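J.: Here you go, one structure.
The values are calculated or read from the model by the stated rules, or taken from the named source; none is laboratory data. Source: prediction; values computed, not measured. Because the Cβ atoms are built from the backbone with ideal geometry, glycine has one as well, and the counts that use them run over all protein chains shown.
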Amino acid sequence: MVCDYQLKDGVAVVTLNRPDVLNALNGEMVEALSDALDQASKDGARAGLLTGSGRGFCSGADLANLGQSMDPTNSVHVRKWVNRMHEVLLKLFEMEIPWVAAVNGPAVGVGCNFALACDLVIMSEEAYFYWAFTKRGLSVDGGGTWLLPHLVGLQRAKQLVMLPEKVSASESQSMGIASDIVPQDQLMTKATETAQRLAQGPTVAYGITKTAMNRSLSHTFREALAYEAQGQGINVRTEDVQEGIMAFLQKRDPNFKGQ
């Protein structure tokens with residue numbers, strides 16, 4: 001399998017699995033990733049964890065082997081490929097559960113942007129980001145023209161993609177890209193603990209909050225307030241809110257069920 005999936009303790013663990021090419025994306029992997037995300041929804045996963053097998057997270061698009069029916073010099077073929085990849089990336093970004101990216105090694109090109117489409121990014125000390133698009137004569141895709149400016153600011157984003165250099169884990173954290181950095185041998189432990197903690201939280205409230213924050217990047221403050229009010233109207237009908245209030249009154253930790 002070029003993309004492994006398993007559900008454990010409410011966490012959908014998705015592992016890109018083409019280690020011989022540092023998990024470069026081709027047509028087969030994009031479809032397998034899409035299937036894994038669909039399965040996570042069907043299984044009722046309450047959090048997700050995305051990582052790569054071997055020594056890399058994702059080395060970007062596999063320009064040498066995008067697919068048997070793919071001509072990388074054909075504009076129609078390329079546009080179709082990019083649009084399909086974007087559909088899967090958007091599915092990840094818009095899923096109403098929190099996703100943790102465990103960046104275990106190099107994240108290059110669109111591989112960077114799949115990590116940034118997650119809600120939290122945890123990096124090993126040996127990992128790095130490298131937006132290599134213009135090194136190949138390509139413009140940025142995978143949502144990088146939207147994600148990066150919102151995360152690091154417009155001028156820094158332009159620098160990262162127009163004069164690309166490897167961005168270390170410590171630099172990524174200082175820019176606000178990485179939420180945590182840990183030694184390589186502790187990465188999956190830390191990422192799994194974080195995902196499991198999220199999976200034990202109020203799933204509906206997380207989903208509404210995530211959607212509201214994503215919307216806020218392109219909506220007005222007035223629109224954000226209206227969506228927040230709508231969200232609270234949904235929250236108060238959940239069992240988790242009743243549990244949260246009861247736990248507060250009883251001075252104990254809540255036991256959320258995601259319902």
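J.: Would you confirm whether any residue within segment 49-65 is surrounded by 18 or more Cβ atoms within 10 Å (Cβ to Cβ), basic (Lys, Arg), farther than 19 Å from Val140 by Cα and not assigned by TED's automatic domain parsing to the domain that holds Arg215? Quick ask: steps written out before the conclusion?
T.: Residues of segment 49-65 that are surrounded by 18 or more Cβ atoms within 10 Å (Cβ to Cβ), as a first pass: 49-53, 56-62.
Remaining after also requiring basic (Lys, Arg): none.
There is no residue in segment 49-65 that is surrounded by 18 or more Cβ atoms within 10 Å (Cβ to Cβ), basic (Lys, Arg), farther than 19 Å from Val140 by Cα and not assigned by TED's automatic domain parsing to the domain that holds Arg215.
J.: May I pose another question? When both residues are 6+ apart or on different chains and their Cβ atoms are under 6 Å apart, which pairs have a first residue that lies in segment 138-160 and is touching a residue at least 24 places away in the same chain (Cβ under 8 Å), and a second that is of a type in the set (A, V, I, L, M) and not in a helix (DSSP H, G or I)?
T.: Qualifying pairs under 6 Å: His150/Leu217; Leu151/Ile177.
Conditions (1) basic (Lys, Arg); (2) touching an Asp or Glu at 6+ places or on another chain (Cβ under 9 Å); (3) closer than 30 Å to Ala132 by Cα, marked per residue:
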position	(1), (2), (3)
Glu171	no, no, yes
Glu193	no, no, no
Ala199	no, yes, no
Asn214	no, yes, yes
Thr220	no, no, no
Tyr227	no, no, no
Val236	no, no, no
Glu239	no, no, no
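J.: Does Thr145 satisfy the condition of being not assigned by TED's automatic domain parsing to the domain that holds Thr51 and not aromatic (Phe, Trp, Tyr)?
T.: no
J.: Sticking with this structure for a sec: Considering only helices (runs of 4 or more DSSP H) fully contained in segment 170-259, which possess at least 2 residues that are touching a helix residue (DSSP H, G or I) at 6+ places or on another chain (Cβ under 6 Å)?
T.: 203-216, 221-235
J.: Restricting segment 30-46 to residues that are in contact with a strand residue (DSSP E or B) (Cβ under 6 Å, 6 or more places away or on another chain) and among the aliphatic types (A, V, I, L, M), which is nearest to Ala195 (Cα to Cα)? Full working, then the answer.
T.: So the first thing to find is which residues in segment 30-46 are in contact with a strand residue (DSSP E or B) (Cβ under 6 Å, 6 or more places away or on another chain), and the list is 32-33, 36, 39-40, 43, 45.
Then keep just the ones that are among the aliphatic types (A, V, I, L, M); that gives 32-33, 36, 40, 45.
On the way: Ala32: 21, Leu33: 18, Ala36: 17, Ala40: 14, Ala45: 11 Å.
Top of the filtered list is Ala45.
J.: Please work out if Lys190 is in the same structural domain as Leu49 (by TED's automatic domain parsing) and among the basic types (Lys, Arg).
T.: Spelling it out, Lys190 is indeed in the same structural domain as Leu49 (by TED's automatic domain parsing) and among the basic types (Lys, Arg).
J.: Give me the pairs: first residue in segment 116-127 and touching a residue at least 12 places away in the same chain (Cβ under 8 Å), second residue part of a loop (DSSP other than H, G, I, E, B) and of a type in the set (Asp, Glu), beta-carbon distance under 8 Å, and six or more apart or on different chains, which are they?
T.: Close Cβ pairs satisfying both conditions: none exist.
J.: In the same structural domain as Thr51 (by TED's automatic domain parsing), more than 23 Å from Asp240 (Cβ to Cβ) and out of contact with any Lys or Arg (no Cβ under 9 Å at 6 or more places or on another chain) - does that describe any residue in segment 211-224? Steps first, answer last, please.
T.: So the first thing to find is which residues in segment 211-224 are in the same structural domain as Thr51 (by TED's automatic domain parsing), and the list is none.
Checked against the condition, which is being in the same structural domain as Thr51 (by TED's automatic domain parsing), more than 23 Å from Asp240 (Cβ to Cβ) and out of contact with any Lys or Arg (no Cβ under 9 Å at 6 or more places or on another chain), segment 211-224 yields no hits at all.
J.: Keeping to segment 55-74, report how many residues are modelled with pLDDT of 85 or more and farther than 22 Å from Ser179 by Cα.
T.: Within segment 55-74, residues that are modelled with pLDDT of 85 or more and farther than 22 Å from Ser179 by Cα number 2.
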